[in-house]
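Worksheet: one structure, shown below.
None of the figures in this text is laboratory data; all of them are computed from the coordinates on show. As the structure is a prediction and not an experimental result, all values here were calculated from the model. So basically every Cβ, Gly included, is an ideal-geometry build from the backbone, and we count neighbours across all protein chains shown.
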Amino acid sequence: MSITGARVMVVFATDPGDVALDALSGSDNSPFTTAFASNVLNKKSFQQVMAAVSRDLERYAKERPGMKKQIPWRQSSWTEPLFLAGKPVRWAAPEEERTIRVPPP
């Protein structure tokens, strides 16, 4: 799969050629969906959210002997941090966003 264009991000629950885990008994959601839902509302960049999802899935597999490891995979042409739940209070905007532009008189 190839992505073209700017500001495009595609996320898969597992890496290419693998099959994602389904919901386990007692849950309506897959491990990926559970991890994503528990992290997506944090005021962190999407890249940080996906790193947390990966760590949660790794921990999930370690806690269940015999369960295969699932590694989320993404392909992106996004060049700036992406925030789905809002920027954290201490987020420093890129220089061009911090510059005040005064219109000519």
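Could you tell me how many of the residues in region 8-58 are of a type in the set (D, E, K, R) and under 17 Å from GLN70 (Cβ atoms)? Reasoning before the result, please.
If we filter region 8-58 for residues that are of a type in the set (D, E, K, R), which is where we start, we get 15, 18, 22, 28, 43-44, 55-56, 58.
Still in the list and also under 17 Å from GLN70 (Cβ atoms): 15, 18, 22, 55-56, 58.
Final tally of qualifying residues: 6.
When ARG55, ARG64, ARG59 are checked against the criterion of being more than 21 Å from ALA85 (Cα to Cα) and in a helix (DSSP H, G or I), a single residue qualifies: ARG59.
Restricting to region 38-82, count the residues that are in contact with a Lys or Arg (Cβ under 7 Å, 6 or more places away or on another chain), within 17 Å of ARG7 (Cα to Cα) and without any contact (Cβ under 8 Å) to a residue 60 or more places away in the chain. Working first, answer last.
Pass one, region 38-82, residues in contact with a Lys or Arg (Cβ under 7 Å, 6 or more places away or on another chain): 43, 50, 58, 61, 77-78.
Keeping just the survivors that are within 17 Å of ARG7 (Cα to Cα) gives 50, 77-78.
Okay, now just the ones that are also without any contact (Cβ under 8 Å) to a residue 60 or more places away in the chain, so 50.
Within region 38-82, residues that are in contact with a Lys or Arg (Cβ under 7 Å, 6 or more places away or on another chain), within 17 Å of ARG7 (Cα to Cα) and without any contact (Cβ under 8 Å) to a residue 60 or more places away in the chain number 1.
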